[in-house]
Amino acid sequence: MEQKSYYLMHRDDPVCTVSIDPTSGNMLRVSQARETDLLPPGGRMDAEALRRWWHRRAVPVTQGRILSILEEKGISSPQEYLVRNLGLSLSDHYWIKPFNSDISWHAVNLFTNDFRDPIGEMLFDLEAEVPEIPSNAFSPSSSTQGDLRKKWVILDGKRCLIKGNHGSNAQESLNEVFATLVHQKQQKQPYTKYKAVKIRDQINCICESFTSDTIEFIPAADLIHSEKRNNSVSVYEHLIGIIVKNGLDEATTRSFLEYQILTDYLITNTDRHLNNFGILRDTHSLKYVGMAPIFDSGNSMFWNNPTLPAHHDLTNIPVNSILKKESAMLSYVKNPEQIDMEKVPTQEEFYQIYSQDPLIPCLDTIASGYQKKISLLREL
């Protein structure tokens with residue numbers, strides 16, 4: 001098995017040395033870290049944790065038709081594609097630097113340098129030929145997470161992400177637009193602004209990145225695995241404890257998380273998993289500067305089961321989050337007034353957004369489900 005040696009880097013600071021099989025992308029050996037504080041939080045516990053962090057950094061095999069596109073280019077796996085792109089990401093400032101190379105963060109990072117996203121271009125154009133990928137053109141698509149097809153673009157110097165939909169209708173994209181309206185009307189917590197954008201006659205959505213050359217994102221999944229959890233402490237309290245230990249105010253943190261739980265309940269967002277929220281960190285001081293703005297609310301509003309509200313009381317819906325039921329997640333909420341029920345989107349605003357796509361099925365049933373959720377939250 002071939003091995004190549006790299007420095008795992010955080011900006012221009014070497015973190016540790018690693019050996020990687022460039023074909024499989026597997027991280028084979030890890031040296032002792034030079035600066036343990038610089039280790040990715042999700043790979044901080046031991047060498048095996050770092051290997052797992054590296055493996056899940058690659059674009060998921062479930063994203064669009066990523067595997068067939070890579071196969072056409074002779075790339076064996078998302079992990080190999082990640083190595084070809086030096087592990088670069090638009091989420092954080094980690095990357096791998098080959099031994100005996102003099103390249104710098106300034107020269108390769110995706111925040112200040114132009115990039116191409118050939119895989120993203122292919123995911124949004126199923127009839128196009130796979131473009132050549134120049135060896136000196138690094139791409140953010142190798143580390144972009146999530147199942148939906150995605151494409152990074154640079155608009156007026158800003159890094160923006162375009163997201164597609166699972167099926168033929170645009171409900172998931174319009175769910176992001178509706179969630180944006182929820183947060184815009186509340187004006188209580190930071191949120192990511194999504195707008196509808198049409199590509200090849202289908203509505204998608206677009207948002208600006210909330211990271212930059214000075215700010216990086218650390219997901220809750222990495223925070224939770226940065227320290228060993230006492231079995232007597234819940235995952236939720238363990239997470240809060242880590243965030244507070246690293247400098248954020250406890251009351252502010254709890255307020256954000258409770259607001260997120262309540263608004264997810266309002267729009268029936270069933271996919272607030274541990275990579276779909278987290279904190280922002282100053283890349284130079286490594287200090288936590290705030291909770292990341294709320295993002296990724298596309299799996300909401302009964303998107304995969306639009307008839308559900310017609311035969312369900314909506315009090316015990318399964319979710320992919322810290323706990324497995326909406327009702328259980330609500331148990332974390334100590335102050336229901338984190339959300340102002342007088343400022344939730346109206347029925348008219350609901351139809352204004354979702355009527356943009358006539359292919360969305362059972363729209364009246366979805367609207368009635370949304371009204372049920374408003375009533376349940378008023379009772380709370």
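Structure summary
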| quantity | calculated |
| --- | --- |
| Selected residue (criterion: nearest to the chain's Cα centre (by Cα)) from residues of segment 310-359 that are closer than 17 Å to residue 273 by Cβ and small (Gly, Ala, Ser) | 321 |
| Residues that are surrounded by 15 or more Cβ atoms within 10 Å (Cβ to Cβ) and more than 25 Å from residue 59 (Cβ to Cβ), drawn from segment 306-321 | 306, 308, 309, 314, 317 |
| Subset of segment 360-370 (residues that are more than 28 Å from the chain's Cα centre (by Cα) and not charged (D, E, K, R)) | 362, 365, 368 |
| Long-range neighbours under 7 Å by Cβ, at least six apart or interchain, first residue in the same structural domain as residue 95 (by TED's automatic domain parsing) within segment 9-38, second in a loop (DSSP other than H, G, I, E, B) and acidic (Asp, Glu) | 13/35; 15/35; 21/2; 22/2; 23/2; 28/21 |
| Residue list for segment 46-74, filter: small (Gly, Ala, Ser) and either buried (at least 21 other Cβ atoms within 10 Å of the Cβ) or touching a Phe, Trp or Tyr at 6+ places or on another chain (Cβ under 9 Å) (or both) | 58, 64 |
| Segment 221-267 - residue that is of a type in the set (A, V, I, L, M, F, W, C) and part of a loop (DSSP other than H, G, I, E, B) and, of those, farthest from the chain's Cα centre (by Cα) | 233 |
| Residue satisfying condition, being polar (S, T, N, Q) and out of contact with any helix residue (DSSP H, G or I) (no Cβ under 9 Å at 6 or more places or on another chain), within set 252, 268, 263, 192 | 252 |
| Residue count, segment 127-181 (criterion: aromatic (Phe, Trp, Tyr) and at pLDDT 95 or above) | 1 |
| Some residue of segment 87-97 being modelled with pLDDT of 90 or more, at positive phi and within 20 Å of the chain's Cα centre (by Cα) | yes |
| Output for segment 195-214, where each listed residue is part of a strand (DSSP E or B) and out of contact with any Gly (no Cβ under 9 Å at 6 or more places or on another chain) | 195, 196, 197, 198, 203, 206, 207, 208 |
| Matching residues in segment 215-233 - criterion: being exposed (fewer than 14 other Cβ atoms within 10 Å of the Cβ) and under 20 Å from residue 332 (Cα atoms) | 230, 231, 232, 233 |
| Among the candidates 316, 299, residue that is touching a helix residue (DSSP H, G or I) at 6+ places or on another chain (Cβ under 9 Å), more than 21 Å from residue 177 (Cβ to Cβ) and in the same structural domain as residue 332 (by TED's automatic domain parsing) | 316 |
| Filter pass, residue 206 being over 18 Å from the mean Cα position of the chain (by Cα), at negative phi, outside the structural domain of residue 114 (by TED's automatic domain parsing) and aliphatic (A, V, I, L, M) | no |
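The values are calculated or read from the model by the stated rules, or taken from the named source; none is laboratory data. Predicted model, so just to flag it, every value in this text is computed and none were measured. For neighbour counting, all protein chains shown are included, and Cβ atoms are generated from backbone atoms with ideal geometry for every residue, glycine included.
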